[in-house]
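Here is the structure we will look at.
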Amino acid sequence: MEGKFPNRILPYVLLFPSIAVVVIFLIFPSVQALRLSFFEVSPFTGRGTFVGLANFRELLSSELYRHSLSITLLLATGIVGIGISVSLAVAVLANQPLRGLGVYRVALLWPYALSPAVAGTIWALLFDPSTGPTTLLIRAVTGFSPNWMMSGGYALWITVMAAAWKMLGFNVVFFLAGLQAVPREYREAAEVDGAGAAGVFWRITFPILSPVTFFLFVMNSLYAFFELFGLIDVMTQGGPGGATDILIYRLYQDAFISARWGMGSAQSILLFVMVGVLTLLQFRFAGRRVFYG
Amino acid sequence: MARPGRGRVLLVHALLVGATLVSVFPILYALQVSTLSFQEVFVFPPKLTPGREFLDNLDRAWERVGLGRLLANSAIIALSVAFGKICLSVLAAFAFTYFRNFRGKGLFFVLILITHMLPLPVRIVPMFQLMQNFGWVNSYQALTIPFFASATGTLLFRQFFLTIPPALSDAARVDGAGPLRFLLRILLPLSVNNLAALFMVEFLYMWNEYLWPLIITNSDDMRVVQVGIKMLVATDAQAEWNVIMAGVVAAMVPPLVILLLLQRSFVRSIALGQEK
Amino acid sequence: MHWMAKAMMTGVLTAALLGWSAPGHAQVKITLWHAMGGARYDAITKNIAAGFNKRNPNYVLEPLFSGSYAETVTKAIAAIRAGNPPHIVQVFEVGTQTMLDSGAIIPVTDMVKPGEIKFDDYIEAILNYYKVGGKLYSMPFNSSTAIIYYNKEAFQKAGLDPNKPPATYKDVEEMGRKIVASGAARAAITFGWPSWMLEQSHAMSNKLYADQDNGRTGRATKALFNEPFGVEVLTRWKRWADEKLLAYGGREYAPNKAFLSGEVAMLMQSTSQVTTIEKAAKFAVGTGFLPRTEGQPMGKSVIGGASFWVLKGKGRTPQELDAIVKFFKFIAEPEETAKWHEETGYFPATKTAVTLLTKREWFIKHPNHETAFKQIQQGLDTPATQGVLLGNFVQIRNITDTAIEKTLSGKLSPKEALDEAATEANKLLAEYGRITK
């Protein structure tokens, strides 16, 4: 067979470490999580009582959980919507032979290199109701003194901004790469045909970008669901009044502060269902050419 | 198409500078606060020029949470996982691409792919129990080994290997070189951009990981720098922002260095991926 | 950098990495997990631990900062499950029931020989919190209560008597309106630890917070904070917020900075912050008793803070037990508990310590440090003032914090928020009851 080596045993040897790690640390615990979700477990003795679907029933009927779900979806929508549109705009702007593009790129990517915890720390300081510079700026300009601890909407808004800010550079870099893969002939042909810049963009460029856009949609959604724990824990701790109480934070609280392992695992399973939907979407559309070239 | 006019270029630069400022201003602000003294942080109107207390603040942060140990731990973990993940992903991708179909190949591939759907929060409680059973709570093993496998990495390299013309490996075989030789001498040098890109992504990911170390470490000597930052912030007393920001600066430097060194490769790797 | 410095740094880093520790004769080490951050970190590490270690060269007390109170408890329980808990863990009052049910502790009464530590020298209110059925389970260490701090200069600017803090909620409203109207401060009042403040308001008016006598005569199954009294308190707070008198600044100690920056003129907060606040404030700070709702019966403010619990682990050697007891004796010494009080504001735990401080004229020079102490000596001793014991109290506090925040931000009415919180709390109490049967 062309290109392939004949060894029969070697592939297994090469695969063994990965498969071992996957089975022991990923597959097995996930199955365990499913099992645990049907139990109520004592934090002291580790003994569990089988409760069937009670944990799930409680979650889905719990005001607290449903609220957490809607907050997470709201947050994700904000991050994806703002993140993608702003970074697309920046990428389009930057998509020309510019001097110093490398410098811009590093500056834009710097927040990506920060941890959510560090980002949360910095933004907590920026928006501090008494001493934060943004607060003072808003106060000086509008006379209004925003206090995120008394306004859940404001707190959520700040969280969206902090999270979108952090992913901006990452999104831009991917969009830039995508833009640069748009064949020039297409754009030039469209311009010759009399299409304005906007027309060129929407008719030609955007469809060609759709795989990248979709990829970033999925990455940013996963980011919103799973990577914001540090940000929330440092900045708002789910508050005020649960306004930023995202699903992963709820899970941490229930599983590790209240030591309710069965309930926590049930939440894990529900999260898995949500990831599953996202991933299936990704696998279905990723290979497809979403434009006709 | 005609070269954009001078005015247009300036406008673009201006807007880009604007975007860059938005990206970078919060970080610069953090840097500035890390140079102030405690009183200077709380003055009103706020002080906008740098102070002279950076080393002092860094010293206090160092002492308060054992910053030196924290940085060392984060470095050990980030480096180990980056290396480990790359090794395992490359080997797995190599196994999938360069050998005749072997039994279980499909199953193994699916197993690795599934991990994409199993981020840590989905299995976090049993993982904690597992660590307890292994006796790995509060250890380097718990912080590194579970992260050694990667669907993204394996996929990335497999895609890349598929773009390499088969003639290359055929030639190697003809020359009597074994598969490992081929991997080391030919494939790896070709994959430099992808290796660097994955290294950067994984190093940053592990350096910045917060939830898992928070749960699994108890003691000062195992803690990582991100949790240390939280500890600086969440003291049961007046948060000393100047000291906190000094800690933040310390936590920011290594990832920034990695970013500076590897971002070009990262970008190139993405571009490579775009070429169909 | 000079190559020698580089070499030294590498050496030190390697040594740190290898966990090298000074070779010494066999010392008995006891570990203490605590949540004392900020200035108190230095006090516990440099003064208390160092002092004890110096006095007892055969023993080494190793204090480890484990995060917040909630995180410390969680980690301790996880360590108990893993079989390697620390010798001593500092647990806040809210974790008391959890520790009692853990089956992993050695009650202090069982460890200390009668007369070895003079417990009757201890201030009653403090000891009583940690006593159940006449037995002392944990060693009091840092006890506090809530008081009100106020900005004397702001009071003067508003035309108020700078030596008269508000005594009732009505006072807070009247004084607060004057303060905001005169521009002396942006807002009149703020408070930390919202749930604790709700608990305090109940205790100060002799109202129960949960059934079974606040969980003291049996396991509590029903939260009572959504009864008319609790709703009334929260309604008052909401009214303050609506009138822009109250500027909510976050939980725990976060609102301190609003007070310190002069933004807010009054702060209801733990007395454990007295030293820090006096030091950091650029204005004269006054303190007073926690304001009460008027027209309600008299109660007493409730003890907060934390205590030291001894964990069994897989069994402790006689030397370890002796070391622990010696440590407890150390912190009970009048000089030590007096010093801890001076550095923080937590109560001096024993009557002898109080006498010592009085002789030194400490309270005359630092009247603010005496306020909380005077407060817990007045009022009634009833189950409602002894302190609430609830399983899963950590999470229940979170729930009530959320309810208060939701009310203040206008999302729910006080009754709705407290009813919702009570429902969730009762669910948790029921689950706790099932699990610990």
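Bear in mind these aren't lab numbers, they're just calculated from the coordinates by the rules spelled out. Given the structure is predicted, the values throughout are model-derived calculations rather than measurements. A quick note on method: Cβ atoms are made from the backbone with ideal geometry, for glycine too, and the neighbour counts reach across all protein chains shown.
Quantify how much of the Cα-Cα distance distribution of the protein assembly as shown extends past 59 Å, in percent.
That fraction is 13 percent.
In nanometres, what is the gap between the two model label sites at B:F83 and A:S210, each 7 Å from Cα along Cα-to-Cβ?
4.5 nm
In what sequence, highest mean first, do C:381-392, B:240-251 appear when ranked by Cβ atoms within 10 angstrom?
B:240-251, C:381-392
Using a 7 Å offset from Cα along Cα-Cβ at B:L28, what residues in segment A:102-120 end up with backbone N under 14 Å from the label point?
The answer is A:104, A:107-108, whose backbone nitrogens lie closer than 14 Å to the label point.
Between C:K365 and C:K437, what FRET efficiency follows from the Cβ-Cβ distance if R0 is 56 Å, with the result rounded to 0.05?
So the FRET efficiency works out to roughly 0.55.
For the residues C:Y59, B:Y140, B:Y210, what sequence is obtained by ranking on other C-beta atoms within 10 Å, fewest first? Kindly include the intermediate steps, with their values, before the conclusion.
Numbers: C:Y59 19, B:Y140 14, B:Y210 25.
Exposure proxy ranking, most exposed first: B:Y140, C:Y59, B:Y210.
Starting from 0.36 nm per residue, how many nanometres of slack lie between C:D42 and C:D242 once their C-alpha separation is accounted for?
Gain on stretching C:D42 to C:D242: 67.9 nm.
Apply the Karplus parameterisation 6.51 cos²θ - 1.76 cosθ + 1.60, with θ equal to phi minus 60°, to every residue of segment C:247-257 and state each ³J(HN,Hα) to the nearest whole Hz, in sequence, with x for glycine and proline.
Values, residue by residue: 10, 5, x, x, 8, 6, 9, 4, x, 3, 5 Hz.
Would you mind calculating the relative contact order of segment A:56-286 from Cα pairs under 8 angstrom and at least 6 residues apart, reporting the percent as a whole number?
RCO, segment A:56-286: 30 percent.
Report the paramagnetic label zone for C:E232: residues of segment C:166-190 whose backbone N is under 14 Å from a point 7 Å from Cα along the Cα-to-Cβ axis.
In segment C:166-190, the label zone of C:E232 (backbone N under 14 Å from the point 7 Å along Cα→Cβ) covers C:169-170.
Per-residue Cβ counts within 10 Å, from other chains only, averaged over A:173-181: what number is that?
Details: counts 5, 5, 0, 4, 9, 4, 1, 4, 5.
For peptide A:173-181, the averaged partner shielding equals 4.
Please list, ordered by chain and number, the residues whose modelled amide H lies under 5 Å from the amide H of C:G305; skip anything fewer than 5 residues away on the same chain.
Distant-sequence amide H within range of C:G305: C:E93, C:S144.
A:R284 versus A:S61, label points 7 Å from Cα toward the beta carbon: distance in nm?
Label-label distance for A:R284 and A:S61, simple model: 3.2 nm.
Show me the helices of chain C, taken as full DSSP H stretches, that run 18 Å or more along their long axis by Cα and average 0.5 or above in Kyte-Doolittle hydropathy.
Result, helices passing both filters: C:3-17, C:69-82, C:318-332.
Taking Cα centroids, how far is segment B:30-102 from segment B:126-185 in Å?
Centre-to-centre (Cα) distance: 25 Å.
Among C:F259, A:F229, what is the fewest-to-most ranking by other Cβ atoms within 10 Å?
With the fewest neighbours first, C:F259, A:F229 line up as A:F229, C:F259.
Show me the GluC sites (Glu not before Pro) within segment C:91-155 that DSSP assigns to loop and that have at most 14 other Cβ atoms within 10 Å of their Cβ.
Working: sites: C:E93, C:E116, C:E124, C:E153; in loops: C:E116.
Within segment C:91-155, the qualifying GluC sites (Glu not before Pro) (loop, at most 14 other Cβ atoms within 10 Å) are C:E116.
Helix B:6-33 against the longest principal axis of chain B: what's the angle in degrees, Cα atoms only, rounded to the nearest 10?
60 degrees
Pairing the Cα long axis of helix B:105-114 with the longest principal axis of chain B, what angle in degrees results, from 0 to 90 and rounded to the nearest 10?
10 degrees
Can you say what percent of the DSSP beta bridges in chain C, counting only those with both residues inside, are antiparallel? Round to 5.
Working: 25 of 40 bridges.
If we restrict to bridges inside chain C, about 60 percent are antiparallel.
Mind checking the mean number of beta-carbon atoms from other chains within 10 Å of the Cβ atoms in B:63-72?
Mean number of neighbouring Cβ atoms from other chains: 3.
So how compact is segment C:238-372: Cα radius of gyration and Dmax in angstrom?
In Å, with Rg to one decimal and Dmax whole: 19.0, 61.
Taking amide hydrogens as modeled 1.01 Å from N in the peptide plane, which residues meet the under 5 Å criterion relative to C:T168, leaving out close sequence neighbours?
C:R292
If the label point is 7 Å along Cα→Cβ of C:D419, which residues in segment C:199-239 have backbone nitrogen under 17 Å from it?
Within reach of a label on C:D419: C:223-235.
Can you sort A:W123, B:W136 from fewest to most other Cβ atoms within 10 Å of each residue's own Cβ?
B:W136, A:W123
Ignore the peptide's own chain and count Cβ atoms of other chains within 10 Å of each Cβ in B:135-141; give me the average, rounded.
Averaged over the peptide's residues, the number is 2.
For A:M150, what residues show an amide H to amide H distance below 5 Å, using hydrogens built from the backbone and excluding near sequence neighbours?
none
Just need the relative contact order of chain C here, percent rounded to a whole number, with Cα pairs under 8 Å and 6+ apart.
Over chain C, the number comes to 24 percent.
Among B:M252, B:V233, B:G104, which residue has its Cα furthest toward the positive end of the charge dipole of chain B, with +1 on Lys/Arg Cβ and -1 on Asp/Glu Cβ?
Value: B:G104.
³J(HN,Hα) across segment A:259-276 via Karplus (A = 6.51, B = -1.76, C = 1.60, θ = phi - 60°), whole Hz, x for Gly/Pro?
In residue order, the calculated couplings are 6, 9, 5, x, 5, x, 5, 4, 5, 4, 5, 4, 4, 4, 4, 5, 4, x Hz.
List, in order, the whole-Hz ³J(HN,Hα) value for each residue of segment B:65-81 obtained from phi through the Karplus relation with A = 6.51, B = -1.76, C = 1.60 and θ = phi - 60°; use x for Gly and Pro.
10, x, 3, x, 5, 4, 4, 4, 4, 4, 5, 4, 5, 4, 5, 4, 5
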